[in-house]
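> Structure incoming, see below.
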Amino acid sequence: MTAQYLQWNPEDYAKNSDAQLQWARSLTKDLNLTEYKSILDVGCGDGKITADFAANLPQNRIVGVDSSPEMIAYAAEQYPPSQYPNLSFACVDARSLDFNQEFDLVFSNATLHWVNDHQTFLKGAKTALKERGKLIISCGGKGNAAKVLDTFAQLTAMDLWKPYFADFDNPYFFYGLEDYQTWLQQSGFAVKRLELVPKDMTHQGKAGLAGWIRTTWMPFTKYVPESQRDDFIAQFVELYLAKNPLDAQGFSHVAMVRLEVNAN
């Protein structure tokens, strides 16, 4: 989804994406979704959220797009037309939306922090929407996953790993309210809600935290040779949990910040 191509593992990702589904449902719980006869899910990933729309809105047209061919192939296989006749998937980058007044709702969850040009996305989303159509976004915002990034900074400064990160650039784009207010208005949106929302992400034990790091933090892990990647992730988990221990139920906690948008 960023300018630099990432090789996703959709099946592994799907096993670790339940939090994204729950957050997506919370974004739309106050909407009467039956009113939105056509919905575009930008950055649909493994298709889990898109298929949730399709299953709950069988009379509505649901389209999921993602820049990852692997994700789109996986989603199309997991949620085929024979079971979801109102659902389709296409390989489209968030910066290259080519729809013209086709959708009542453009939705994007846990995607845009991978995208390096939000203005282009917003203009494309506005063009894709019908008159009075709605835009709903949640993505990593300013301050997101700060303790995770601090742990990676500590890890990649170690002698064992430092040589692999000599040319590393932070690939995440976590924006604040001021930038987004301006970009939304420049793209023709009227802002209904724009907020940075703290979220507590939990994972079951060391294995759950390691699975999340393995499947969603590839911009870091891919710099390490594959033969050493499991060791790199295991050391990350140890460092992170040393400062942020598992709770009494054995869950790890990650403080996230979501940028949430509701605009017309």
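Rule-based calculations on the coordinates, nothing more; no lab input. In this text the structure is predicted, and so the values were computed from the model without any measurement. Here the Cβ positions follow ideal geometry from the backbone for every residue, glycine too, while neighbour counts run over all protein chains shown.
> Which ³J(HN,Hα) values in Hz, rounded to whole numbers, follow from the phi angles of the stretch 231-243 under the Karplus curve 6.51 cos²θ - 1.76 cosθ + 1.60, where θ = phi - 60° and Gly and Pro get x?
5, 4, 5, 4, 5, 4, 4, 5, 5, 5, 6, 5, 9
> Moving on. Which three lengths, in whole Å and largest first, does the stretch 60-160 cover when its Cα atoms are put on their principal axes?
For the stretch 60-160, the Cα extents along the three principal axes come out at 52, 32, 19 Å.
> With springs only between Cα atoms under 10 Å apart, run a GNM on the chain and tell me which of 154, 249, 235 wobbles the most.
Looking only at 154, 249, 235, the largest GNM fluctuation is found for 249.
> For the charge dipole of the chain, defined by +1 on Lys and Arg C-beta atoms and -1 on Asp and Glu C-beta atoms about the Cα centroid, which residue among 47, 209, 152 has the Cα displaced farthest towards the positive pole?
47
> Working from Cα positions, state the angle (0 to 90°, nearest 10) between the long axis of helix 146-156 and the longest principal axis of the chain.
That works out to roughly 40 degrees.
> Enumerate the calculated ³J(HN,Hα) couplings along the stretch 203-220 in order (Karplus 6.51 cos²θ - 1.76 cosθ + 1.60, θ = phi - 60°), each rounded to whole Hz, writing x wherever the residue is Gly or Pro.
The phi angles translate into 9, 6, x, 5, 5, x, 5, 4, x, 5, 4, 5, 9, 10, 10, 4, x, 8 Hz.
> If the only charges are +1 at each Lys and Arg Cβ and -1 at each Asp and Glu Cβ, what is the size of the charge dipole of the stretch 180-264 around the Cα centre, to the nearest 20 debye?
Numbers: 9 positive and 8 negative charges, 51 e Å.
Using Cβ point charges on Lys, Arg, Asp and Glu, the stretch 180-264 gives about 240 debye.
> In deg cm²/dmol and to the nearest 500, what is the mean residue ellipticity at 222 nm of the chain if only DSSP H runs of at least 4 residues count, each as -39500 (n - 2.57), divided by the residue total?
My calculation for the chain gives -11500 deg cm²/dmol from helical runs alone.
> Size of the dipole of the chain about the Cα centre, Lys and Arg at +1 and Asp and Glu at -1 on the beta carbon, nothing else charged, in debye to 20?
640
> Which angle between 0 and 90 degrees, to the nearest 10, do you get for helix 118-128 versus the longest principal axis of the chain when only C-alpha atoms count?
30
> With a 10 Å Cβ neighbour count serving as the proxy for reagent exposure, in which order, fewest first, do 150, 41, 93, 167 appear?
By the 10 Å Cβ count, ascending, the order reads 167, 150, 93, 41.
> What lysines could a cross-link reach from residue 130, if we take a straight Cα to Cα line under 16 Å and drop same-chain neighbours fewer than 8 places away?
Counting by Cα, and skipping residues close in sequence, residue 130 has these lysines nearby: 37.
> In sequence order, what are the phi-derived ³J(HN,Hα) couplings for the stretch 160-167 according to the Karplus relation 6.51 cos²θ - 1.76 cosθ + 1.60 with θ = phi - 60°, rounded to whole Hz, with x for glycine and proline?
5, 9, 3, x, 6, 10, 4, 10
> What's the Cα-based Rg to Rh of the stretch 210-264, Rh via Kirkwood?
Radius of gyration over Kirkwood radius for the stretch 210-264 works out to 1.11.
> Also, quick follow-up: Angle, helix 69-78 long axis vs. longest principal axis of the chain, Cα atoms, 0 to 90°, nearest 10?
Roughly 70 degrees between the two axes.
> Continuing with this model, one more query. Taking the Cα centre as origin and putting +1 on Lys and Arg beta-carbons and -1 on Asp and Glu beta-carbons, what dipole magnitude results for the stretch 118-206, to the nearest 20 debye?
580
> In units of 2.2 N^0.38 Å, what is the alpha-carbon radius of gyration of the chain?
Against the empirical 2.2 N^0.38 Å value, I get 1.02 for the chain.
> Taking the Cα-to-Cβ direction at residue 119 and at residue 26 and moving 7 Å from each Cα, how far apart do the two end points lie in nm?
3.2
> Relative contact order (percent) for the chain, with alpha-carbon contacts under 8 angstrom and 6 or more residues of separation?
Over the chain, the number comes to 20 percent.
> Expressed in nm², what is the orientationally averaged projection area of the convex hull enclosing the Cα positions of the stretch 60-109?
Projected over every direction and averaged, the Cα hull of the stretch 60-109 covers 3.8 nm².
> Also, I was wondering about something else. Would you please put 94-106, 136-148 in order of how densely packed they are, using the mean number of other Cβ atoms within 10 angstrom per residue and starting with the highest?
The most tightly packed comes first, giving 136-148, 94-106.
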